[in-house]
Amino acid sequence: MKFYKNLYIGDSIKKPDKIKRKLKKYAKLNNVYVIAYTEQNRQLEIYHCLMLQQFYYKENPPYIIGIAGSQDEANQIICRIAEEAVLRTGQADLVAYLFLDQQPDETEA
């Protein structure tokens, strides 16, 4: 599982490094949502971390852009990314904004 270089963290996430370690081990966590980049669709998606328990995600680990404590908080993070994208680039292309300086596969796990 790979994480975005400047990982977006929701306000309710108190120990992000601990959460990242548990996500890498596919531990079962309550109230943890991830914002993931899907290369197939070139878009951001929100998953409850229990979705990552599925075999597909173990074979095709997602590229995590953000971690949130609720789905509402994950939506707020995506809104924040959109605002940043519009301010910096003048466009609402979130994926292009997030990967201006890097490619998704350049980050370490």
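See the values below:
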item: Ratio of the Cα radius of gyration of the chain to 2.2 N^0.38 Å, where N counts its residues; result: 1.01
item: Packing rank of 11-21, 47-57, where each peptide gets the mean count of other beta carbons within 10 Å, highest leading; result: 47-57, 11-21
item: The chain, relative contact order [Cα under 8 Å, separation at least 6], %; result: 35 percent
item: Inter-label distance for C79 and N41, nm, one decimal - labels placed 7 Å from Cα along Cα-to-Cβ; result: 2.1 nm
item: The chain: antiparallel DSSP beta bridges as a percent of all, rounded to 5; result: 75 percent
item: Global geometry of the stretch 24-79, whether rounded, prolate or oblate, following the gyration tensor of its Cα atoms and the 1.5 cut on a/c; result: oblate
item: Rg [Å, one decimal], Dmax [Å, integer] - the stretch 1-52, C-alpha atoms; result: 11.0, 32
item: Degrees separating the helix 71-89 axis from the principal Cα axis of the chain, which is the longest one; result: 30 degrees
item: 3J(HN,Hα) from dihedral phi, the stretch 21-28, Karplus parametrisation 6.51/-1.76/1.60, rounded to Hz, x for glycine, proline; result: 4, 5, 5, 4, 8, 6, 6, 7
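Each reported figure results from applying straightforward, stated rules to the coordinates on display, with no laboratory input. Keep in mind that this is a model prediction, so the values were computed, not measured. Positions of Cβ are generated from backbone atoms using ideal geometry, with glycine treated the same way; all protein chains shown enter the neighbour counts.
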